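First the structure, in the form of structure tokens, and then the observations on it.
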Amino acid sequence: MRYLRSPAYAHLAAPVAPNRATPNPVRMQRSEQASKCKDIWSNNWSSSIKKKRYSEDYYLQIVGKLHNCTWNRRPQEYTKFRAELASCCDAVHNFIASQNNTPLGSNMTYEVDNKKTIHITEDIFRMLPESQPLDFPFKHCAVVGNGGILKSSNCGAEIDKSDFVFRCNLPPTSGSVSQDVGNKTNLVTVNPSIIAQKYNKLNGQKATFLENIANYGEAFLLLPAFSFRSNTAASFKVHHTLKEFSAKQKAIFFYPRYLKSLAQFWRTKGVKAYRLSSGFMITSAAVELCENVKLYGFWPFSKNIAGIPISHHYYDNQLPKPGFHAMPKEYNQILQLHGRGILKLQFGKCLTE
């Protein structure tokens, strides 16, 4: 059984002003719904003081009720939280390793293997963009996770309308799944373990790799080259392969100091994992780089709101390594951001026109 901490769900719905004239049934219904949402929040909060953890079933019951609550963007909350993130992590300048933040000849410290360094030679320096390569700020961003909740969601068209689409770990987007997950990709993270396991470290598998990533168009492939020393060679090989075959995609690398600062930031809020998940890293950066952020496919449960079992990913049921990421605690933080009106989390199916 997986457990989650209770999320803070303040400001789920704006109070409806009373109508001094003839009572309006629609307004009364909205007012009643807003009151119910506040009651759900109040009861959930008071319970969390007594009880630190909930079963998945109990938690799904709460999320199911909150699913019907009106979400409102809160500009002041967004600005406040964005400033908090910027003061610690500064994604605007430090999200990606660049020639601006990584001097030629310097020794860069790895994010996780922090007792090890890598010397920034001229060859490595030339791999880096001169400055941050993303043309932010973006108006509307979609951060697409890989949760099984995306199956039959019909969210593809809505995702593709976003100005910038983030994805994680080279997920499939072509064929029948596109109706649910969309095709558009502007940035996709790449776990080096995928390069090792699926493409044999690009030894004799370059053509297959290039064929598969062609679906991402001119997207950036974001790799953690400087997180572990074991990631470096595979990440660099992706860069060289894309250049060798003049691929449309470009390889870029997480700036390790940004990821380290981000981990420290979330640790103060209770997310004490061995390492943050890619989706959580991208979500955090998106809040700084985008004016409006909507999350799809973020769902750490084994079933949907209706209680129907779902796969872990929309394309397979491979579970993450236990203890590596703090997924429940990450999801709790995402729910809090949703409740505060900082970002919006899609719980289930998207409305189709």
- Message: Taking the criterion of being touching a His at 6+ places or on another chain (Cβ under 9 Å) and of a type outside the set (Val, Ile, Thr), would at least one residue in the stretch 210-224 satisfy it?
- Response: yes
Residues in the stretch 182-227 that are on the phi > 0 side of the Ramachandran plot, part of a helix (DSSP H, G or I) and out of contact with any Ser or Thr (no Cβ under 6 Å at 6 or more places or on another chain) total 2
Note on the stretch 274-322: residues in a strand (DSSP E or B) and of a type in the set (Val, Ile, Thr) are VAL293
Looking across the stretch 261-280 at residues that are closer than 24 Å to HIS312 by Cα and touching a Cys at 6+ places or on another chain (Cβ under 7 Å), the single one that is surrounded by the fewest Cβ atoms within 10 Å (Cβ to Cβ) is SER278
Here is a check on your reading of the model: is PHE236 assigned to a loop (DSSP other than H, G, I, E, B) and crowded, with 17+ Cβ neighbours inside 10 Å? no
Sole miss for LYS65 among (1) under 13 Å from ARG340 (Cβ atoms); (2) not in a loop (DSSP other than H, G, I, E, B) is condition (1)
Reported set for the stretch 88-113 where residues are assigned to a strand (DSSP E or B) and either free of Cβ contacts under 8 Å to residues at least 60 places away in the same chain or small (Gly, Ala, Ser) (or both) is ASN107
Flagged in the stretch 264-273 as in contact (Cβ under 8 Å) with a residue 40 or more places away in the chain and either among the polar types (S, T, N, Q) or assigned to a helix (DSSP H, G or I) (or both), in numbering order, are GLN264, PHE265, TRP266
Per the list (1) surrounded by fewer than 14 Cβ atoms within 10 Å (Cβ to Cβ); (2) at pLDDT 95 or above, residue check on ASN114 breaks on (2)
Scanning for something within 30 Å of PRO103 (Cβ to Cβ), among the polar types (S, T, N, Q), at pLDDT 95 or above and crowded, with 16+ Cβ neighbours inside 10 Å, does the stretch 281-300 turn up at least one residue?
-> yes
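The values are calculated or read from the model by the stated rules, or taken from the named source; none is laboratory data. The structure presented is a predicted model; accordingly, all values stated were derived computationally and were not measured. When we count neighbours, we look across all protein chains shown, and the Cβ atoms used for this are built from the backbone with ideal geometry, even at glycine.
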